[in-house]
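Colleague: First, the structure itself, so that you have it in front of you.
The values are calculated or read from the model by the stated rules, or taken from the named source; none is laboratory data. Because the structure is a prediction, the values reported are computed rather than measured. With ideal geometry, Cβ positions are generated from the backbone for all residues, glycine too; neighbour counts draw on all protein chains shown. We work out accessible area using only protein heavy atoms, side chains counted, and drop any ligands, DNA or RNA first. Shrake-Rupley method; radii C 1.70, N 1.55, O 1.52, S 1.80 Å.
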Amino acid sequence: MKMRQLIKYLNREYEKRTPKSRLMFQRASRVMVRGGSHSLRLWKPYPFFPASAHGAAVTDIDGRRYLDYWQGHYANILGHNPEAIRQEVEPYVAAGSLHTGFESSVQVKLAEKILGTLHQPGLKIRFTTSGTLASTYAVMLAMGYTGRQEVLKIGGGWHGASPYLLKGVKFHPGHGFNQVDSAGLPPEFARHVFITRFNDSDQLEKMFKKHGTKLAAFILEPFIGVGGFLFCSSEYLKLARKLADEYGVVLIFDEIISGFRFCPSGLQTLYGVKPDISLFGKLIGGGQAVAAVAGKTKIMDGCQTAGASGLQVNFEGGTFSAHEEYIRTGLAMIKYILGHENKIYSSIGRLAASLRQGIEQAFEAEGLKVVCTGAGHESVQQSSFFMVNFPKKDISYFTPEDVWDPARSDVFLREEALKLALLINGVHVVHGGGCLSTAHTDNDIKKTIEAYGQAARIFKKFLG
Ligand SMILES: Cc1ncc(COP(=O)(O)O)c(C=O)c1O
């Protein structure tokens with residue numbers, strides 16, 4: 001009842017401020033499924049529609065400005081439309097960047113740059129256009145290489161809408177992260193995917209003991225994104241490497257969020273644990289559609305040499321794969337990062353730390369407890385992420401279950417109420433938080449903490 005009143009109030013306040021977006025959403029809903037193309041962007045009652053986006057902020061078609069912490073699904077480490085990237089790419093676009101449909105030489109430079117940061121000899125890379133495709137191809141490569149058909153993944157792990165990996169993504173009360181999350185999949189897909197708990201070494205050993213000889217791949221995010229902004233412990237990652245070696249399983253690190261986000265390389269470099277295949281996306285495109293599969297040559301060769309089945313892996317096609325404009329943008333981003341690493345990671349890490357602390361204090365001042373996940377640990381000094389959780393019990397946050405089980409955290413309050421309470425106070429977040437970019441300033445952080453304080457006061461008024 002109290003929650004319903006809170007949501008009613010928030011909806012009313014949001015609608016008052018965003019009439020043009022409401023009309024646009026009505027129009028969109030007449031021609032588009034659910035009114036758009038990406039569910040997470042389609043929050044209730046309707047999303048605002050951006051008119052422009054620069055640096056830390058987005059301005060909507062009603063002229064309202066929001067400090068943005070989703071930042072292009074975490075791709076925009078330099079903020080929206082960064083000058084440094086535009087300067088590099090605009091002359092090329094102005095000269096006519098028609099897609100030629102040939103292999104561009106620029107992609108070689110990007111391949112060299114990315115592989116150069118991984119410090120692992122004998123790797124090869126292939127580009128594609130989305131993280132979803134990268135994870136799909138990685139699983140196919142692992143299956144082709146091992147001749148096995150089963151996959152182990154983390155409960156709460158999101159690797160895009162790859163058919164192989166659409167299990168154990170969402171938390172289902174009573175079942176946890178162990179259900180298939182999409183219609184339209186052949187039933188055998190689900191039977192071939194096993195789920196294990198993030199950071200649970202005992203369970204990992206048991207899973208390998210039971211299924212190890214049949215597993216093609218174990219795929220995980222060293223820093224789990226949607227699962228709750230939690231880092232793997234070093235022991236867990238080392239154990240994953242050891243077990244994968246022991247059972248001949250291809251170890252895949254999904255670094256689509258974490259790649260170049262914590263250091264000018266994959267997170268694997270900070271941990272000192274190397275996978276067999278790494279996936280990159282988001283940031284490496286500099287704002288354009290670039291993703292990559294980088295792996296040991298003997299596995300990547302599956303793209304050109306027939307494996308045990310007599311077939312090669314069809315990691316092929318892609319009209320826009322390695323499109324020169326995308327690759328140039330990605331290259332500009334990686335070059336910028338490599339040239340400014342000292343400044344980037346320490347500054348966004350420092351701001352995020354003060355944001356996490358300020359948010360917890362702002363809620364505490366109203367007698368409400370929140371816990372921000374996203375802070376780094378012994379292997380990762382600087383983290384630019386924060387997720388605001390409302391614990392229902394006195395819990396520590398180690399696994400996606402802690403973040404997504406409604407018995408442990410108030411998921412509705414984080415996902416729906418907090419989102420709206422912040423939007424009416426000029427801040428845009430996803431899953432209760434997001435990430436920093438180099439465009440965010442100390443003043444932005446101050447304003448954001450104030451907005452969370454406003455949200456805390458609204459919650460206290462309605463929920464007591
Ligand atoms: C860890 C991770 N892997 C894969 C993906 C899928 O990438 P894309 O959205 O480019 O398909 C995402 C997207 O959010 C992600 O967070």
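Colleague: Among the trypsin sites (Lys or Arg not before Pro) within the range 64-100, which fall in a DSSP loop and have no more than 14 other Cβ atoms within 10 Å of their own Cβ?
Modeller: none
Colleague: On to the next question. Restricting to the range 127-235, compute how many DSSP beta bridges are antiparallel as a %, nearest 5.
Modeller: On the way: 4 of 12 bridges.
That works out to approximately 35 percent antiparallel.
Colleague: Determine, from the Cβ-Cβ distance of residue 183 and residue 342 and an R0 of 56 Å, the FRET efficiency 1/(1 + (r/R0)^6), rounded to the nearest 0.05.
Modeller: About 0.70, to the nearest 0.05.
Colleague: For the range 286-408, just run the numbers: alpha carbon Rg, then divide by 2.2 N^0.38 Å, N being how many residues it has.
Modeller: Its radius of gyration relative to the 2.2 N^0.38 Å reference: 1.58.
Colleague: Relative to the compact globular guide of 2.2 N^0.38 Å, what is the alpha carbon radius of gyration of the chain, as a ratio?
Modeller: Its radius of gyration relative to the 2.2 N^0.38 Å reference: 0.97.
Colleague: While we're on this one: Given Cα pairs under 8 Å that are at least 6 residues apart, what percent is the relative contact order of the chain? Display every interim value, and only then the final one.
Modeller: Numbers: 890 pairs, mean separation 94.6, N = 464.
Taking the mean separation of contacting Cα pairs over the length of the chain, I get 20 percent.
Colleague: What list of ³J(HN,Hα) values in whole Hz, one per residue of the range 441-458 in order, does the Karplus curve 6.51 cos²θ - 1.76 cosθ + 1.60 (θ = phi - 60°) give from phi, with Gly and Pro shown as x?
Modeller: 10, 4, 5, 4, 5, 4, 4, 5, 4, 4, 5, 5, x, 4, 4, 4, 5, 4
Colleague: Taking every DSSP beta bridge with both residues inside the range 83-334, roughly what % is antiparallel (nearest 5)?
Modeller: Here the antiparallel bridges make up roughly 50 percent for the range 83-334.
Colleague: If r is the Cβ-Cβ distance from residue 23 to residue 304 and R0 is 45 Å, what FRET efficiency results, to the nearest 0.05?
Modeller: Efficiency for this residue pair is about 0.30.
Colleague: Using DSSP to define loop residues, name the GluC sites (Glu not before Pro) in the range 81-173 whose beta-carbon has at most 16 other beta-carbon atoms within 10 Å.
Modeller: Values: sites: 83, 88, 103, 112, 150; in loops: 103.
Those that pass, being in a loop and sparsely packed, are 103.
Colleague: Which length gain, in nm to one decimal place, applies between residue 37 and residue 242 when the Cα-Cα distance is subtracted from 0.36 nm times their residue separation?
Modeller: Net length gain for the segment: 69.8 nm.
Colleague: Can you send over the carbon and sulfur percentage of the accessible area for the chain, probe radius 1.4 Å, protein chains only?
Modeller: Percent of accessible area from carbon and sulfur atoms in the chain: 52.
Colleague: Got a sec to turn the phi values of the range 131-138 into Karplus ³J(HN,Hα) couplings, 6.51 cos²θ - 1.76 cosθ + 1.60 with θ = phi - 60°, whole Hz, x for Gly and Pro?
Modeller: These are the phi-based 3J(HN,Hα) values: x, 4, 5, 4, 5, 5, 5, 5 Hz.
Colleague: Taking the Cα centre of the range 26-133 as origin, sum charge times position over the Cβ atoms of Lys and Arg (+1) and Asp and Glu (-1), and report the length of that vector in debye to the nearest 20.
Modeller: 480 debye
Colleague: For the chain, what does the helix formula give at 222 nm: sum of -39500 (n - 2.57) over DSSP H segments with n ≥ 4, over the residue count, nearest 500 deg cm²/dmol?
Modeller: After summing the helix terms and dividing by residue count, I get -12500 deg cm²/dmol.
Colleague: Now for a different question. Considering only protein heavy atoms, what per residue accessible area in square angstrom results for the range 237-315 with a 1.4 angstrom probe?
Modeller: Accessible area per residue: 31 Å².
Colleague: Measure out, as a whole number of angstrom, how far apart the alpha-carbon centroids of the range 187-242 and the range 250-303 sit.
Modeller: 17 Å
Colleague: Continuing with the same structure: How far is the Cα center of the range 375-443 from the Cα center of the range 19-59, in Å?
Modeller: Centre-to-centre (Cα) distance: 22 Å.
Colleague: Taking the Kirkwood radius as the inverse of the mean 1/r across Cα pairs, report the Rg/Rh of the range 83-334.
Modeller: 0.97
Colleague: Please list the non-local residues whose amide H lies under 5 Å from the amide H of residue 129, H modeled 1.01 Å from N, same-chain partners needing a gap of 5 or more.
Modeller: 291
Colleague: Using only C-alpha positions, report the orientation-averaged shadow area of the convex hull of the range 121-185, nm², one decimal.
Modeller: On the way: hull surface 22.3 nm².
Computed as one quarter of the Cα hull surface, the answer is 5.6 nm².
Colleague: Report the extension gain between residue 450 and residue 102 in nm, rounded to one decimal, defined as 0.36 nm multiplied by the number of residues separating them, less their alpha carbon distance.
Modeller: 120.2 nm
Colleague: Right, here's the next one. State to the nearest 20 debye the size of the charge dipole of the range 83-334 about its Cα centre, where the only charges are +1 on K and R beta carbons and -1 on D and E beta carbons. Don't skip to the end; give the middle numbers.
Modeller: On the way: 24 positive and 22 negative charges, 120 e Å.
Roughly 580 debye for the range 83-334.
Colleague: Using amide H atoms built 1.01 Å from N in the peptide plane, name the residues 5+ places from residue 167, or on other chains, whose amide H lies under 5 Å from its own.
Modeller: Those lying under 5 Å, H to H, from residue 167 are 181.
Colleague: Taking a 1.4 Å probe, which of 346, 383 shows the most accessible area, and what order do the others take after it?
Modeller: Ranking 346, 383 by accessible area, largest first, yields 346, 383.
Colleague: What's the longest piece of the chain with no exposed chymotrypsin sites (Phe, Trp or Tyr not before Pro), counting a site as exposed if DSSP puts it in a loop and it has at most 16 other beta carbons within 10 Å?
Modeller: That gives 103-319 as the longest site-free run.
Colleague: Moving to a separate point now. Could you state how much accessible area residue 191 has, in square angstrom rounded to the nearest 10, with a 1.4 Å probe and all protein chains kept in place?
Modeller: Residue 191 has an accessible surface of roughly 150 Å² with all protein chains in place.
Colleague: Working from the alpha-carbon coordinates of the range 366-421, get Rg over Rh, Rh being the Kirkwood radius.
Modeller: 0.99
Colleague: Please identify every one of the GluC sites (Glu not before Pro) in the range 291-341 that sits in a loop by DSSP and has no more than 16 other beta carbons within 10 Å of its own beta carbon.
Modeller: 316
Colleague: Could you tell me the calculated FRET efficiency between residue 214 and residue 15, based on Cβ-Cβ distance and R0 = 41 angstrom, to the nearest 0.05?
Modeller: 0.20
Colleague: Right, here's the next one. Would you please give the residues with an amide H less than 5 Å from that of residue 194, counting only those at least 5 places away or on a separate chain, with H modeled from the backbone geometry?
Modeller: Here 151, 152, 153 satisfy the definition.
Colleague: Projecting each Cα onto the charge dipole of the range 15-120 (Lys/Arg +1, Asp/Glu -1 at the beta carbon, about the Cα centre), which of 106, 24, 71 comes out farthest on the positive side?
Modeller: Of 106, 24, 71, it is 24.
Colleague: Separate question: I need the phi-derived Karplus couplings for the range 387-404: 6.51 cos²θ - 1.76 cosθ + 1.60, θ = phi - 60°, integer Hz, Gly and Pro marked x.
Modeller: So the J values, rounded to whole Hz, are 9, 9, 10, 10, x, 8, 10, 7, 10, 9, 9, 10, 9, x, 4, 4, 7, 10.
Colleague: How far is helix 19-31 tilted off the main Cα axis of the chain, in degrees rounded to 10, range 0 to 90?
Modeller: Roughly 40 degrees between the two axes.
Colleague: Could you work out how far helix 83-94 tilts from the main Cα principal axis of the chain, as a 0 to 90 degree angle to the nearest 10?
Modeller: Approximately 60 degrees, to the nearest 10.
Colleague: Here's a follow-up. Stretch residue 361-residue 59 to full length: gain in nm at 0.36 nm per residue minus the Cα-Cα span?
Modeller: 105.9 nm
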